Amino acid sequence: MCTAATYKTKDFYFGRTLDYEFSYGEKIVITPRNYRFDFEYMGEAKEHLAIIGMAHVSDNYPLYYDGINEAGLGMAGLNFVGNAKYGEDLDDKKNVAQYEFIPWILCQCHSVKAAKELLLDSNITARPFKDFPCASLHWIIADKEEAITVECMEDGMHIYENEVGVLTNNPSFDKQMFNLNNYRHLSVKDPEDTFSENISLTRYSRGMGAIGLPGDLSSASRFVRVAFAKLNAVSDDSEQSSVSQFFHILGSVWQNRGLCEVAPGKFEITIYASCCNADKGIYYYKTYDNHQITAVDMNKENLDQDRLIEYPMINEGSFIFQN
């Protein structure tokens, strides 16, 4: 289970949590402009936009979970198990394998508008990467102006305008958005006493305007909670304040070990949380045991080379003693 969000101050920020019971050995991976992609159906791409994101690298191929490109476009894939259904190979469409969908979009699209135009003539297929299983995903694609959700289901591909700029997992995005109607009473302000004209009720605590905000770990509840946190978040325009606030937004849905048992003795946790400054090309992240914000700046690398640049995640935290 995972959660993705967007945020905008002076710059545009994009990121997600990856919630699972084990890690695949993911790394922060920069794909330079001249790395050669060999797409399953669309052939070689020898020159393209540079990408930075989180990926598992296998046989020198970056299997991206999320990332941004140098034009400021962000994209993430989140679990959509039970709903995701990919198409068969079609001669009249631009076929793209599910595992290469993120780099296929990020290597050529400068904006959500360009991605939407490309998707109108595209078909995502279930062709796997080598002997890896085909992941059941849906995606959020976002820039500083707009965001969309892409879902491939039994009845075809759906492209939704994502006005809240967040995504979790099941149910489908249209149902997640409809569910927000059940929480239209939530407020960051003190609630009015509308219970009855015949009795006066007392506000006994701060934060009572958010009574009813779901606190469980389900994807539907996380969607509501992170949307409420993101849409009401306040920070100044500085990088430190913006990045800090973004991680607080994702912190509203952080998964703690022991609360979500997926098998005897195995628990889902937030393996990492990311925050990308899409305007500056910086990938910030935290891990379950390392709460220090760590960063990789793609623009400090040679983006014209043809080899992947990889940075292992720093998973171990440290304590700072003041005495």
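In table form, for the structure just shown:
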item	result
Hits in the stretch 100-111 - residues which are crowded, with 19+ Cβ neighbours inside 10 Å and over 16 Å from the mean Cα position of the chain (by Cα)	100, 104, 107, 109
The lone exception for residue 299 - which of (1) touching a Gly at 6+ places or on another chain (Cβ under 6 Å); (2) at positive phi it fails	(2)
Search result, residues across the stretch 231-259 that are among the hydroxyl-bearing types (Ser, Thr, Tyr), assigned to a helix (DSSP H, G or I) and surrounded by fewer than 21 Cβ atoms within 10 Å (Cβ to Cβ)	241, 244
Among the residues listed as 95, 123, 83, the single one being more than 30 Å from residue 294 (Cβ to Cβ) and touching a Pro at 6+ places or on another chain (Cβ under 9 Å)	83
Flag for residue 317 being without any contact (Cβ under 8 Å) to a residue 24 or more places away in the chain and over 23 Å from residue 144 (Cβ atoms)	no
Odd one out for residue 262, checked against (1) over 19 Å from the mean Cα position of the chain (by Cα); (2) at pLDDT 95 or above	(2)
Residue check for residue 17: touching an Asp or Glu at 6+ places or on another chain (Cβ under 7 Å) and either modelled with pLDDT under 95 or closer than 26 Å to residue 223 by Cα (or both)	no
Filter pass, residue 252 being touching a Ser or Thr at 6+ places or on another chain (Cβ under 6 Å) and over 25 Å from residue 29 (Cβ atoms)	no
Number of positions in the stretch 63-86 that are outside any strand (DSSP E or B) and under 17 Å from residue 124 (Cα atoms)	7
Selection within the stretch 87-139 - in a loop (DSSP other than H, G, I, E, B) and touching a Cys at 6+ places or on another chain (Cβ under 6 Å)	126, 128
Any hit, the stretch 208-222, residues being modelled with pLDDT of 95 or more, within 15 Å of residue 7 (Cα to Cα), touching a helix residue (DSSP H, G or I) at 6+ places or on another chain (Cβ under 7 Å) and surrounded by 14 or more Cβ atoms within 10 Å (Cβ to Cβ)	no
Strands (runs of 3 or more DSSP E) wholly inside the stretch 14-62 containing at least 2 residues that are among the aromatic types (Phe, Trp, Tyr)	37-39
Among the candidates 283, 311, residue that is in contact with a Cys (Cβ under 7 Å, 6 or more places away or on another chain), assigned to a strand (DSSP E or B) and not hydrophobic (A, V, I, L, M, F, W, C)	283
Subset of the stretch 140-161 that is assigned to a loop (DSSP other than H, G, I, E, B) and touching a helix residue (DSSP H, G or I) at 6+ places or on another chain (Cβ under 6 Å) - its residue that is nearest to residue 15 (Cα to Cα)	143
The one condition in (1) more than 29 Å from residue 145 (Cα to Cα); (2) out of contact with any Gly (no Cβ under 7 Å at 6 or more places or on another chain); (3) surrounded by fewer than 17 Cβ atoms within 10 Å (Cβ to Cβ) that residue 290 fails to fulfil	(2)
Test: residue 262 is over 26 Å from residue 30 (Cα atoms), in contact (Cβ under 8 Å) with a residue 60 or more places away in the chain and in a strand (DSSP E or B)	yes
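The values are calculated or read from the model by the stated rules, or taken from the named source; none is laboratory data. Since this is a predicted model, take the numbers as computed values, not measurements. Every residue, glycine among them, receives a Cβ derived from its backbone with ideal geometry; neighbour counts consider all protein chains shown.
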